[in-house]
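Taking it in order: structure first as structure tokens, then the write-up.
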Amino acid sequence: MSGYRLLPLVPDDTVEIDFDGMRLSARRGEPLAASLIANGLSTVARSFKYHRPRGIVGFGSWEPNAVVETPDGIELATNVRAFDGLNARAANCWPSARFDAKSFLGTFSALMPAGFYYKTFRGPGGRLWPLFEPMIRKAAGIGRLPDRPAAETPKRNAHCDVLVIGAGAAGLAAARAVASNASRIILLDEGEAPGGRLLDRPDLRIDGVDGREWARLCAKSLAANGVRVLARTTAIGRYDGGLVVALERSPEGRPARLWKIRAKSIVLATGAIERPLVFPDNDRPGAMLLTAALAFAVRHGVAVGREVVAVADNDAAYDDAVALAMAGVAVRHIVDPRVVPDPELVAKARAAGIECHAEFTPTGIVGSPVRGVRLVGGDSRSRTLDCDVVAMSGGTTPLVHLHSHSGGRLRHVGKLRAFVPDGPHDGAWSAGACNGAASLDEVLRDGSAAGREAARAAGCRVDSTAPPRAEGGDARAEPGSEPLAADVAHRKAFVDFAADVTIDDLRLAAREGYESVELLKRYTTTGMAIDQGRMGNLAAIEALAQAKRVAPGLVGTTTYRPPFVPVPFSTIADTNGTLLRPSRATTLTAWHEAAGAVMYEAGAHWRRPGYYPQAGDTMEAAVRRECRAVRQMAGMYDSSPLGKFEVVGPDAATFLDFVYATRLSDLAPGRGRYALQLHEDGRLFDDGIVFRTAMDRYFVTTTTGNADACHQRFEYCRQILRPELRVGVLNVTEQWADIVVCGPRARAVLADTGLSLPERFPFLGLAACSFAGLPVQVARAGFTGELSFEIFLPASAAPQAWRDLLEAGRRHAIAPVGSEANHVLRIEKGFISVGHEADGICGPDDLGLSFAVHADKPDFVGRQALLRDRASPSGRPQLVGLMARDPQFVLPEGSAVLRAQGDRTRGFVTASCWSDALGRSLAMALIEDGRSLTGSDVTLALADGTAGAQVVPPSFYDPKGERQRG
Amino acid sequence: MRLVPCPDCGPREPGEFVCLGDSGGHPVGEDGLAEALYGRANAKGPVEELWWHKFGCRRWLKLRRNSATNEFVP
Amino acid sequence: MRGYSIWALARNALTGHAGWPRAWRSPRPRERYEAVIVGAGGHGLATAYYLARRHGMRNVLVVDKGWIGGGNTGRNTVTIRANYLREESIRFHAEGLRMWREMSGELGFNVMFSERGQIDLIQTWAKLRDVKRRQVLMRLAGVPFEIVSPEAAKARVPILDLDGAKRFPVLAATWHPSAGVARHDAVAWGYARAADALGVDIVQGCEVTAVRREGGRVTGVETAMGFVVAPKVALAVSAHASVLAQTAGVRLPIETVPLQAFVSEPLKPMLDCVVNCPGQVYLSQSDKGELVIGGGADGVPSYVQRGDFATIERVVTSLAELFPVLGRVRMLRQWAGAIDLCYDTSPIVSKAPVDGLYLDVGWGSGGFKAIPAGGAAFAALIANDMPGPEVAPFALDRFATGRPLYETAGASNRD
């Protein structure tokens, strides 16, 4: 293969690139593969397994060999664009593709048949794999990890009536058939310009004009009519319901935009790619696809070699070979295994100076890179033709991937020896070569018809003009039936170049019993390498069919999976993670941050203060100070993230009696009650205080983390389970801020800010008050066990109120309190925290909350399961307190509880802290039948070692609750 | 997944919804309690499902979907 | 069963590998078996192997509508680990880890078990509390497991990016050195070949359409190749268990949900252990060099073995956040399996309410690792008509008594 330029380089358009350490000249914007060929390089890659020398075989995304590492990542040389300073390196070889240190591996290929690693590398007892594995890993892998992160790829959503994928003859005909003035149409194509394979064939004419010109004009008029035409855009996946994901690239070949297109109808006009022929040494550098040789010549002015022999078993190849000759490449011979090729085509080829040899089959390649091709004739005579390029054409592989991605079925067409879509599927019509159309006229008619069907289904007007008419392009790419060759000794006949799988590998697998096409693929790895089997898939299926002596249609295909071509992860990722999963801030978060609080993100993504360290404070010191303030003077905290709901309507009471296990219908207005929601299966779901604000109106608080889930349940109960109830639910979580002032001096703090509370204001009462001229609701409630007031006020008013309270509280030594101190204060009280104790497993009785369950109510969510659990209470986890034997030792959360050493685990420590108020450590635990162990000792298994503790009731500080009620 | 047909909002992305599948319901007696609480028809084919349009109109929808194809069926 | 070895390879190389015997027969089903196992995935095949090897039951049929290992075995991301939350689960999977180490030797087939360890990245306080419980229970079960610093995690996972304003900073990590990966297909093939050699019939491409019962007893199965009589029928069909159990009148607490995974193009070695970021993304590098990546299950129950692109976007976003250097690496192939999520996220290895019907289901996203231990336990259950102590906690009647066994360690587990 000694390629050269048909069109000389112009200085203005010339760039210098670096490949494998060589400086090369290239035409700006051409594929790197074209540059390599034009510079006379034939060996540009090494194969995956045997490190065999490899050259360029295909074009565009259809290249199995030439993988290069660039600073942008691993790419195909056929897709990388040449620009100044491009630095590329052949992957999977060292020091270069031409001289690869691992090429010796090919020598041992006889020991490396399909699946050889399953049969060896075990050692005695199967334990030696860890010794072999690192060596295998090092040998595998085709490229190194790029060392710099990727730039952002923006995403774009689009909706359209008809999406046409592929702007070749079929796609253009389809788009034309959809009346564009009344429809939203998107037409996308992978190439730089519309036309597809028309671009390679100057001899074709459509509606009286040059096919290339027709494509250009057609796309232009479509665009003028409002069709969005996307070039350099590859559809990478089709998903259920008409979602197509496509990647648009910049002119430099870099990812530019990821499209997510929802289309009512889709036309798949993705075309077909050529199949190589399977014969010994068919992978030698210089053996390539005929259509690729043609594309390099016509599109990029690069001749792939000085002397080309085309080896082809179908009619269309004759036209391609003639076109290649017309482009100025010396095509010497066409070798055709078929007995009687079309005489007209043969005559045309001869007229172009090409010698034609019917009934000759390739049996091998001379040299590496190619110096000739060995043939055997129908009369068994062999001969050799000299050449530096063997251009193979073994029929086509219709690109049915997008049809199959979301479950479309395929059928086998014997004449094509290929699978095509078995009719439209899920709003997608295939058309043209991917649908099995063989001549250009068929392709155009098929495209028009599919466009009309798609338009009709999308409810668009349909163009009634006749489909475009083709002149030329009648020759069909239907391959003759070709016996698959076998490997001959070391001369391997490759089916899958990218995965290094030979015909013998496939036959071995079939012999060993890997007889389904999926097992064949997995055992031999055919179809699993970077080209995902596009090049060799059909040959592999035929090999299996031969081995099983059944028709290929009965063998079937493996499942085609997205993406159609490999895409960088950066194009799929949503790049701005902070916007993607935003954290939530209360109107006081900014104050907490300014005050130097250590912020946590907890429950429902709220950013909340953990503690407020003062200069030189440790966390422990800060938490002690905050706790002391609450227990002795006053504290205040921001409880705004709490879930808050208005439940309103004549049946609000009945509704809440149904949703909650707690009776709420007998609450007097202005009073609240601690209430529980259960899962239908009896587990505790959520807790909170529910206030009645009027006979037909409740103000419901839920836990922070469950606010959304509660909303969902409220609506579920309202709309589905009890639709007859006249009640509405409004989520006001973000509308109301909640500032809690607590501690012995709490009442004085409020008085000093001018907030006047009612004379009689009992525990769990709720009162409408005025605060700095603002109407607010104040509840006597809290989570600390002290005298405590929750002030619910409009969120926007919270910052001023917070500052006012802090200012007024200064005389009372008030301290802002974070969640760490709250955690200590609630453990001292034995209050449960959903997520710690109610970990989605325990029921209300397990947690000692029976007081809040009114099972005598006729019906509520979870009642039946609750009754079931009450009927067999033994063996359930129960909430208890633990006092460590060493009062200075804080039992680690998560420690396991055993009755004695060596026992099975009975439970675990749910929460634990140092309590300044009590001068010792405290803990809560869930223990199987724990309440019956009250007073006895248990053993705790820690992450390292053990500890002892006594089981006590889970309320340590002011167990009678006199402080909060006082 | 296919777009979910919401009678209020039109066809919408599934990400706007919470799908409860064929679970749900509210047992009222002891008989068959375990089946009602834990059992799932989990049928392959048409299933009756509940969907909540969480990021939309917040309506609970009763939809029929073919679990073997993901198509919503009338 | 002729041995596989380097010597056999060398011998066969001389004859162009013409002499390799079939790995398994492809028989037609006989009329009657001692037991029929539905499902020729890892679980079904391991069960058949242990029935034959340990319990002398060789007159056994394994029947599958597809091909060997074609369900979730051949679709999964192969993480093998024991860092569960319940003591019952930890002990079960610790025994599993022991069996994985022996597997290649026992089966005479290299399943490429690679005990490379697992790092879990902890990014929430709730998860940190959770792993503290695991740490203690793992120690009690004798499985090494420690909580380590983010920097220690970075040392094992160099591609991890701890710097920058991360949305969720890594608070801590756990290191589970005996976790690993294996070659999924090889596990199915190794068990299939070994079971076949012991006389088990493996029939592929034959769908079982119904389990037949008379009164309270199983009588056999209807298949695409006719009725097969068997006093014992065992279901090891993961996501399709509900459909088959229903034909015997049994309703299961199972939901079928798509679980997706994808691989990158093959790269030179750059990740030497399994990395899991609970609920978001997990990855390991296969021996071939591909990064094998997964995340949580799709949100909508479905039998369609295709996933939602939104799920892929979500998982890849997490991947790019934690490992920005992977941004230029390309996704090569994505796929989906249909997993069997159990109500309480623990499996069911149990007798069914119909005599002679046995269930092995509900493994969710975690069934692969349970192939050896699950197969052995299921075989014992079938042979003895009684569960061993290791799977007694996984009985179906835990639901009737209101004692579900909640386990929150699987990738796709909810709550």
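Couple of notes before you dig in:
- Any chance A:Ala455 is at pLDDT 95 or above and touching a strand residue (DSSP E or B) at 6+ places or on another chain (Cβ under 9 Å): no
- Scanning segment A:180-196 for residues that are over 15 Å from A:Pro251 (Cα atoms), modelled with pLDDT under 95 and assigned to a loop (DSSP other than H, G, I, E, B) gives A:Ser183, A:Arg184.
- Considering only residues in segment A:881-906 that are over 13 Å from A:Leu922 (Cα atoms) and among the β-branched types (Val, Ile, Thr), the one that is farthest from the other protein chains (Cβ to nearest Cβ) turns out to be A:Val897.
- Here the condition is being surrounded by fewer than 23 Cβ atoms within 10 Å (Cβ to Cβ) and of a type in the set (A, V, I, L, M, F, W, C); of C:Val181, C:Val157, it holds for C:Val157 alone.
- Among the residues listed as A:Pro563, A:Pro582, the single one being within 11 Å of chain C (Cβ to nearest Cβ) and under 30 Å from A:Val420 (Cβ atoms): A:Pro563
- Screening B:Arg64 with (1) facing another protein chain (nearest Cβ under 8 Å); (2) assigned to a strand (DSSP E or B); (3) not polar (S, T, N, Q) gives one miss only, at (1).
- Residue within segment C:77-90 that is under 30 Å from C:Gly295 (Cα atoms), modelled with pLDDT under 95, surrounded by fewer than 23 Cβ atoms within 10 Å (Cβ to Cβ) and of a type in the set (Lys, Arg) present: yes
- A:Ala114 vs. criteria within 30 Å of C:Gly16 (Cβ to Cβ), small (Gly, Ala, Ser), outside any helix (DSSP H, G or I) and modelled with pLDDT of 85 or more: yes
- Qualifying residue in segment A:232-240 (condition: under 22 Å from A:Ala179 (Cα atoms), at pLDDT 95 or above, within 14 Å of chain B (Cβ to nearest Cβ) and crowded, with 24+ Cβ neighbours inside 10 Å): no
- Residue that is surrounded by the most Cβ atoms within 10 Å (Cβ to Cβ) [pool: residues in segment A:745-763 that are among the basic types (Lys, Arg) and part of a loop (DSSP other than H, G, I, E, B)]: A:Arg745
- Sole exception among (1) farther than 20 Å from A:Pro255 by Cβ; (2) in a strand (DSSP E or B) for A:Ala88, by number: (1)
- Near pairs, Cβ below 9 angstrom, 6+ apart or cross-chain, from segment C:16-37 (more than 18 Å from C:Val211 (Cβ to Cβ)) to any residue that is in a loop (DSSP other than H, G, I, E, B) and of a type in the set (Asp, Glu): C:Gly16/A:Asp487; C:Ser26/A:Glu515
- Which listed residue is part of a loop (DSSP other than H, G, I, E, B) and either more than 9 Å from chain A (Cβ to nearest Cβ) or touching a Ser or Thr at 6+ places or on another chain (Cβ under 6 Å) (or both), from C:Gly249, C:Gly289, C:Gly327: C:Gly249
- Some residue of segment A:93-101 being surrounded by fewer than 16 Cβ atoms within 10 Å (Cβ to Cβ) and within 14 Å of chain C (Cβ to nearest Cβ): yes
- C:Val349 vs. criteria in contact with a Phe, Trp or Tyr (Cβ under 6 Å, 6 or more places away or on another chain) and in contact (Cβ under 8 Å) with a residue 12 or more places away in the chain: yes
- Hits in segment B:1-32 (condition: buried (at least 18 other Cβ atoms within 10 Å of the Cβ), at pLDDT below 90 and within 8 Å of chain A (Cβ to nearest Cβ)): B:Met1, B:Arg2
- Scanning segment C:56-65 for residues that are touching a helix residue (DSSP H, G or I) at 6+ places or on another chain (Cβ under 8 Å) and within 12 Å of chain A (Cβ to nearest Cβ) yields a single hit, C:Asp64.
- Odd one out for B:Asn42, checked against (1) within 9 Å of chain A (Cβ to nearest Cβ); (2) buried (at least 19 other Cβ atoms within 10 Å of the Cβ): (1)
- Candidates in segment C:105-135 are the residues that are over 17 Å from C:Pro177 (Cα atoms), without any contact (Cβ under 8 Å) to a residue 60 or more places away in the chain and hydrophobic (A, V, I, L, M, F, W, C); of these, the one that is farthest from the other protein chains (Cβ to nearest Cβ) is C:Leu128.
- Residue match in segment A:8-30 (condition: modelled with pLDDT of 95 or more, in a helix (DSSP H, G or I) and more than 17 Å from A:Ile142 (Cβ to Cβ)): no
- Selection within segment A:932-949 - surrounded by 16 or more Cβ atoms within 10 Å (Cβ to Cβ) and either assigned to a loop (DSSP other than H, G, I, E, B) or not small (Gly, Ala, Ser) (or both): A:Leu933, A:Val938, A:Thr939, A:Leu940, A:Leu942, A:Ala943
- A:Arg156 satisfies every condition listed in (1) in a loop (DSSP other than H, G, I, E, B); (2) surrounded by fewer than 24 Cβ atoms within 10 Å (Cβ to Cβ) except (1).
- Of the residues C:Arg101, C:Arg30, C:Arg75, the single one that is over 30 Å from C:Arg306 (Cα atoms), more than 10 Å from every other protein chain (Cβ to nearest Cβ) and of a type in the set (Lys, Arg) is C:Arg30.
- Residues satisfying the stated conditions in segment A:126-146, i.e. assigned to a loop (DSSP other than H, G, I, E, B), farther than 21 Å from A:Asp500 by Cβ and within 7 Å of chain C (Cβ to nearest Cβ): A:Arg127, A:Leu145, A:Pro146
- Of the residues C:Leu252, C:Leu235, C:Leu271, the single one that is modelled with pLDDT of 95 or more, within 22 Å of A:Ala529 (Cα to Cα) and of a type in the set (A, V, I, L, M, F, W, C) is C:Leu271.
- Considered as a group, the residues in segment C:229-246 that are in a strand (DSSP E or B) and surrounded by fewer than 24 Cβ atoms within 10 Å (Cβ to Cβ) include one that is nearest to the other protein chains (Cβ to nearest Cβ), and that residue is C:Lys232.
- Set side by side, the residues A:Gln878, A:Gln864 differ, and just one is within 12 Å of another protein chain (Cβ to nearest Cβ), modelled with pLDDT of 90 or more and not in a loop (DSSP other than H, G, I, E, B), which is A:Gln864.
- Taking segment A:695-736 as the range and being out of contact with any helix residue (DSSP H, G or I) (no Cβ under 7 Å at 6 or more places or on another chain), part of a loop (DSSP other than H, G, I, E, B) and not charged (D, E, K, R) as the test, the residues that pass are A:Met695, A:Thr703, A:Thr704, A:Gly705, A:Asn706, A:Pro723, A:Val732.
- Selected residue (only one of C:Asp120, C:Asp161 is acidic (Asp, Glu), in a strand (DSSP E or B) and touching a Pro at 6+ places or on another chain (Cβ under 9 Å)): C:Asp120
The values are calculated or read from the model by the stated rules, or taken from the named source; none is laboratory data. Keep in mind the model is a prediction, meaning the values are calculated, not measured. So basically every Cβ, Gly included, is an ideal-geometry build from the backbone, and we count neighbours across all protein chains shown.
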